[in-house]
Amino acid sequence: YLLSITQANDGSNNNSTGLLNLSNSDTRSVANVLKVVQNATNGTGLSIDGPNAGTYLSIGNTTPNLTTGAGISILGSAITTGEAISINTAFNGISSDFSGNQILVSGTRTNTTASTVRTDSGNYLDLTRGSTVNASGATFNITGDLATFSSNCTETTGTCVDTSNVLRLTQSYGKASG
């Protein structure tokens, strides 16, 4: 590596603040605080290895101040066969149970200001595909599903017991109209 920041593992450092902090206090700056560029045809632009428990990557954990824009933005318009986001959890010879979430979106909002009306019109999940054909004699074939939900258990030896739902929809508010 051209630059390496390493803390010795001798128990005497007791680092609780991290090894690197990049901070731009100029409120009018709009450029990246950190930019990572990988010009290779194939490879990894950024690799993060973390602890066995805890958080690998935390965004906005000290001051959740993002009001507009995107916390994470991935420009995937050039993808032809890959994925903009890939979560691979294929493990052979698993040694423990799984009870977590592959993706968790959890938001709680509480209106605590008297005599105010708040309206939440945003979506927690929005899958939109917008395709346009704009050329004489052109055809745009759309054959892939917008969303696919599937569950499978293959029995080679042993028994699979699946009591799960592929999709569960719940609207718990009795006066809801949607």
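One table, with the values for the structure above:
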{"quantity": "Of every Cα-Cα pair in the range 112-163, the percent that sits beyond 18 Å", "calculated": "71 percent"}
{"quantity": "V105 accessible area, assembled protein chains, probe 1.4 Å, Å²", "calculated": "90 Å²"}
{"quantity": "Relative contact order computed over the chain (Cα-Cα under 8 Å; 6+ residues apart), in percent", "calculated": "6 percent"}
{"quantity": "The chain: most fluctuating residue of G158, G100, G122 per GNM, C-alpha cutoff 10 Å", "calculated": "G158"}
{"quantity": "Distance in nm between pseudo-label sites at R28 and T132 (7 Å out along the Cβ direction from Cα)", "calculated": "3.6 nm"}
{"quantity": "Hydrodynamic radius of the chain per Kirkwood, over alpha carbon pairs, in Å", "calculated": "23.5 Å"}
{"quantity": "Accessible surface ranking that places the most exposed of V117, V166 first, with a 1.4 angstrom probe", "calculated": "V117, V166"}
{"quantity": "Accessible area (Å², per residue) of the range 19-130, counting only protein heavy atoms and a probe of 1.4 Å", "calculated": "101 Å²"}
{"quantity": "3J(HN,Hα) from dihedral phi, the range 46-51, Karplus parametrisation 6.51/-1.76/1.60, rounded to Hz, x for glycine, proline", "calculated": "8, 10, 10, 10, x, x"}
{"quantity": "Accessible surface of the range 76-178, 1.4 Å probe, proportion on carbon and sulfur as whole %", "calculated": "47 percent"}
{"quantity": "Part-to-part distance (alpha-carbon centres) for the range 13-88 and the range 106-178, which is given in Å", "calculated": "25 Å"}
{"quantity": "D120 - accessible surface, heavy atoms, 1.4 Å probe, Å² rounded to 10", "calculated": "100 Å²"}
{"quantity": "Point-to-point label distance, N52-C160, nm (Cα→Cβ direction, 7 Å offset)", "calculated": "3.0 nm"}
{"quantity": "Solvent-accessible area of Y173 with every protein chain in place, 1.4 Å probe, in Å² to the nearest 10", "calculated": "140 Å²"}
{"quantity": "R0 of 22 Å, Cβ-Cβ distance V37-T67: FRET efficiency to nearest 0.05", "calculated": "0.15"}
{"quantity": "Stokes-Einstein translational diffusion, the range 138-178 - Kirkwood Rh over all Cα pairs, 0.890 mPa s, 25 °C, in µm²/s", "calculated": "161 µm²/s"}
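The values are calculated or read from the model by the stated rules, or taken from the named source; none is laboratory data. The structure presented is a predicted model; accordingly, all values stated were derived computationally and were not measured. Because the Cβ atoms are built from the backbone with ideal geometry, glycine has one as well, and the counts that use them run over all protein chains shown. Side chains included, ligands, DNA and RNA excluded: accessible areas come from the protein's heavy atoms. Shrake-Rupley method; radii C 1.70, N 1.55, O 1.52, S 1.80 Å.
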